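> Below is a structure I'd like to ask you about.
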Amino acid sequence: MATVISGGKRFDSRQGRFVANGHLVIEGERIAALDREPEGGGHTTLEASGKTVIPGLMNLHGHLGWDGFSDLEAQTRYDGPLAYLKVARGLLAAVEAGVTTFRNVGCGHDTGLFARQAVRDGLLPGPTVFACGRAVCRTGGHIWWGNREADGVDEVRRAVREQARAGADWIKLMAHGYSQEEIDAAVAQAHEEGLPATTDAGKWADRAVQAGIDCIEHGGNYSDELLARIVEQGIWIVPTLSPVVLQARHGAEWGMKESVIERRRGQLAESGRNEGLVRARRAGVQFGFGTDSGSPVVPHDAILAEMETLLEFGIFDTKEQVLKAATHDSARCLNIAERTGSLEAGLQADVVIVDGDLEADLSVIERVETVFVNGRLTVQGGSSRLPDPRDFQTFVGVGA
Ligand SMILES: [Zn+2]
């Protein structure tokens, strides 16, 4: 049965502009049409006058196994199965915030892979998950307590192969402290497995770029020469400004230690990274959207803060650019723009209705009313609904 969304404004994420008529028809998993009524009767109509219809948002950098308020190392080391309950909470929070695609960039307990399966099988409502498996780092490297540690070319290759075997969609590399040869091996192995690779490169960005990385997390203050190579090679940057900004400004409310808050305030005042991101954008680097949700003070439904900060720091000039980054551009980063990320006939119905005029006021993004994920009504009246398992056909029998 078709669903017709009638009236309201629509965000055209390919062009980065709002159009007056939000009229849209969903049939099964797809957007059937934009401006015509479905054939025959019996369809459900959702009235969207005074509301805005947008493509589902994409969070390209999050950690579903982390809750968004506890210390990362403590929860990774001691949570055990509790991590999977955090995944469940994270999936609900993300989809209720209008996120229909979520790239999980590692965090221990293989939570991303299980999150992906839970949504795919209709166990829980949530966004479509792209999972990195375990991040690969050097022994004792960044977040080693949640990662697959590997040293040397052969071991790094093996670590990447393990993630591919487990079913990872992306390879996440922690480039910190790796040699050029090790980074080359990791990226080459990912590509041999048919997987793109991303890294939180910091000052190792030049090595990752040299190795042919596909995406850089967080970004940094790179030389003009490196930025030119990033543009030339079509490498994406996902800025993730939320942890520093939200911890510096709101850490106390969440019980964060004063010393950590002070450190974050220092990082916020030191503008090098932000200037670097502004320069990167001016140089023509492509940006995806990610919040680093799961980090302390960044719950999985915190979307507006990242959007506002991208504007506040001058990385984007208009809210339309930010919304385009969080939809169509992020879909291009994931190489799924022909499938989703915009509201067009024939595409997967990842559709969000927010209650108000988003063109007039960006904070309306927090008033998510209705969410369709892959054509399934997943959020209604702002609350997620349990999926009907009969829609998913995942019954697994034993024996004949
Ligand atoms: Zn992160």
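The values are calculated or read from the model by the stated rules, or taken from the named source; none is laboratory data. The model shown is predicted, which means the values in this text are computed figures rather than measured ones. Positions of Cβ are generated from backbone atoms using ideal geometry, with glycine treated the same way; all protein chains shown enter the neighbour counts.
> Quick one: Thr52 ticks every box in (1) crowded, with 20+ Cβ neighbours inside 10 Å; (2) over 17 Å from Glu320 (Cα atoms) bar one, so which box is it?
Thr52 satisfies all of (1) crowded, with 20+ Cβ neighbours inside 10 Å; (2) over 17 Å from Glu320 (Cα atoms) except (2).
> Right, here's the next one. With away from the ligand (no atom under 16 Å from the Cβ) and touching a residue at least 24 places away in the same chain (Cβ under 8 Å) as the only criterion, which of Val53, Val87 stands out? Show your work before the answer.
Working: Val87 fails: away from the ligand (no atom under 16 Å from the Cβ).
Matching residue, one of Val53, Val87: Val53.
> Also, quick follow-up: Within the range 2-14, identify whether any single residue is buried (at least 24 other Cβ atoms within 10 Å of the Cβ), part of a loop (DSSP other than H, G, I, E, B) and at negative phi, and answer yes or no.
Yes - at least one qualifying residue is present in the range 2-14.
> Hey, can you tell me all the residues within the range 328-362 that are of a type in the set (Ser, Thr, Tyr) and closer than 22 Å to Val245 by Cβ? Break it down into steps so the answer makes sense when it comes.
Step one: of the range 328-362, the residues of a type in the set (Ser, Thr, Tyr) are 330, 340, 342.
Correct list: Ser330 only.
> Could you run through the range 312-334 and say how many residues are part of a helix (DSSP H, G or I) and touching a residue at least 40 places away in the same chain (Cβ under 8 Å)? Write out each step before concluding.
Of the residues in the range 312-334, the ones part of a helix (DSSP H, G or I) are 312, 319-333.
Those still in the list that are touching a residue at least 40 places away in the same chain (Cβ under 8 Å) too: 319-324, 326-333.
Adding up the residues that qualify gives 14.
To keep it simple, each residue is scored yes or no on (1) surrounded by fewer than 24 Cβ atoms within 10 Å (Cβ to Cβ); (2) under 22 Å from Met174 (Cα atoms).
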position: His61; (1), (2): no, yes
position: Trp66; (1), (2): no, yes
position: Phe69; (1), (2): yes, no
position: Gly80; (1), (2): yes, no
position: Tyr84; (1), (2): yes, no
position: Arg89; (1), (2): yes, no
position: Gly98; (1), (2): no, no
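> Among the candidates Val156, Val187, which residue alone is over 15 Å from Trp236 (Cβ atoms), more than 16 Å from the ligand (Cβ to nearest atom) and in contact (Cβ under 8 Å) with a residue 12 or more places away in the chain?
On the way: Val187 fails: over 15 Å from Trp236 (Cβ atoms).
Residue meeting the stated conditions: Val156.
> Does the range 335-364 hold any residues that are more than 17 Å from Leu34 (Cα to Cα), more than 17 Å from the chain's Cα centre (by Cα) and part of a loop (DSSP other than H, G, I, E, B), and which are they? Lay out the reasoning, then the answer.
The first filter runs over the range 335-364 and keeps only residues more than 17 Å from Leu34 (Cα to Cα), leaving 335-337, 354-364.
Narrowing the set further to residues that are more than 17 Å from the chain's Cα centre (by Cα) leaves 354-364.
Scanning the range 335-364 gives Asp355, Gly356, Asp357, Leu358, Glu359, Ala360, Asp361.
> Same structure, new question: Can you tell me which residue in the range 271-297 is modelled with the highest pLDDT, limited to those that are of a type in the set (D, E, K, R) and closer than 16 Å to Glu312 by Cβ? Before you say what the answer is, go through the steps one by one.
Within the range 271-297, the subset of a type in the set (D, E, K, R) is 273, 275, 279, 281-282, 292.
Retained after the next criterion (residues that are closer than 16 Å to Glu312 by Cβ): 273, 275, 281.
Details: Arg273: 83, Glu275: 93, Arg281: 96.
If we take residues in the range 271-297 being of a type in the set (D, E, K, R) and closer than 16 Å to Glu312 by Cβ, then Arg281 is modelled with the highest pLDDT.
> Tally time: how many residues in the range 194-205 are buried (at least 17 other Cβ atoms within 10 Å of the Cβ) and either over 20 Å from the mean Cα position of the chain (by Cα) or among the hydrophobic types (A, V, I, L, M, F, W, C) (or both)? Give the steps one after another, and end with the answer.
At the first step, the residues of the range 194-205 found to be buried (at least 17 other Cβ atoms within 10 Å of the Cβ) are 195-202, 204-205.
If we keep only those that are either over 20 Å from the mean Cα position of the chain (by Cα) or among the hydrophobic types (A, V, I, L, M, F, W, C) (or both) too, we end up with 195, 197, 201, 204-205.
Final tally of qualifying residues: 5.
> Starting from residues that are within 16 Å of the ligand (Cβ to nearest atom) and of a type outside the set (A, V, I, L, M), keep the ones in the range 111-137 and report whichever is nearest to Glu182 (Cα to Cα). Please lay out each step first, then the result.
The initial filter retains those residues of the range 111-137 that are within 16 Å of the ligand (Cβ to nearest atom), namely 111-112, 115, 129-137.
Next cut, of a type outside the set (A, V, I, L, M) only: 111-112, 130, 132-134, 137.
Numbers: Thr111: 26, Gly112: 25, Phe130: 25, Cys132: 19, Gly133: 19, Arg134: 17, Cys137: 10 Å.
Checked the range 111-137; the qualifying residue nearest to Glu182 (Cα to Cα) is Cys137.
> Looking at the range 237-253 only, could you name the residues that are away from the ligand (no atom under 15 Å from the Cβ) and in contact with a Gly (Cβ under 9 Å, 6 or more places away or on another chain)? Write out each step before concluding.
If we filter the range 237-253 for residues that are away from the ligand (no atom under 15 Å from the Cβ), which is where we start, we get 248-253.
Listed by number, the list holds a single entry, Ala248.
> As an exercise: evaluate Arg263 against (1) in contact with a helix residue (DSSP H, G or I) (Cβ under 7 Å, 6 or more places away or on another chain); (2) part of a helix (DSSP H, G or I); (3) not small (Gly, Ala, Ser) and give the number of the one condition it does not meet.
If we test Arg263 against (1) in contact with a helix residue (DSSP H, G or I) (Cβ under 7 Å, 6 or more places away or on another chain); (2) part of a helix (DSSP H, G or I); (3) not small (Gly, Ala, Ser), just (1) comes out false.
> Hey, another quick one. Can you name every one of the helices (runs of 4 or more DSSP H) wholly within the range 41-144 that holds 1 or more residues which are polar (S, T, N, Q)?
72-78, 111-120
> Pairs please, first residue from the range 104-124 and in contact (Cβ under 8 Å) with a residue 24 or more places away in the chain and of a type in the set (Phe, Trp, Tyr), second anywhere and assigned to a helix (DSSP H, G or I) and surrounded by 20 or more Cβ atoms within 10 Å (Cβ to Cβ), Cβ atoms under 8 Å, 6+ apart in sequence or on different chains.
Between residues of the range 104-124 that are in contact (Cβ under 8 Å) with a residue 24 or more places away in the chain and of a type in the set (Phe, Trp, Tyr) and residues that are assigned to a helix (DSSP H, G or I) and surrounded by 20 or more Cβ atoms within 10 Å (Cβ to Cβ), the close pairs are Phe114/Val87.
> Residues in the range 90-109 that are within 16 Å of the ligand (Cβ to nearest atom), out of contact with any strand residue (DSSP E or B) (no Cβ under 7 Å at 6 or more places or on another chain) and under 16 Å from His61 (Cα atoms): how many?
Taking the range 90-109 and keeping what is within 16 Å of the ligand (Cβ to nearest atom), we get 90, 94, 99, 102-109.
Among the residues that remain, those that are also out of contact with any strand residue (DSSP E or B) (no Cβ under 7 Å at 6 or more places or on another chain) are: 90, 107-109.
Filter once more, so that each one left must be under 16 Å from His61 (Cα atoms): 90, 107-108.
Looking only at that region, the number is 3.
> Would you point out which residue out of Gly42, Gly68, Gly22 is away from the ligand (no atom under 16 Å from the Cβ), at positive phi and not aromatic (Phe, Trp, Tyr)?
Details: Gly68 fails: away from the ligand (no atom under 16 Å from the Cβ); Gly22 fails: at positive phi.
Every option except Gly42 fails the conditions.
> The conditions are (1) crowded, with 23+ Cβ neighbours inside 10 Å; (2) of a type in the set (Val, Ile, Thr); (3) within 16 Å of the ligand (Cβ to nearest atom), and Ile143 fails exactly one of them. Which is it?
Among (1) crowded, with 23+ Cβ neighbours inside 10 Å; (2) of a type in the set (Val, Ile, Thr); (3) within 16 Å of the ligand (Cβ to nearest atom), Ile143 violates only (1).
> Please go through the range 148-191 and give me each residue that is among the hydroxyl-bearing types (Ser, Thr, Tyr) and crowded, with 19+ Cβ neighbours inside 10 Å, ordered by number.
Initially, the range 148-191 is screened for residues among the hydroxyl-bearing types (Ser, Thr, Tyr), giving 178-179.
Passing the criteria: only Tyr178.
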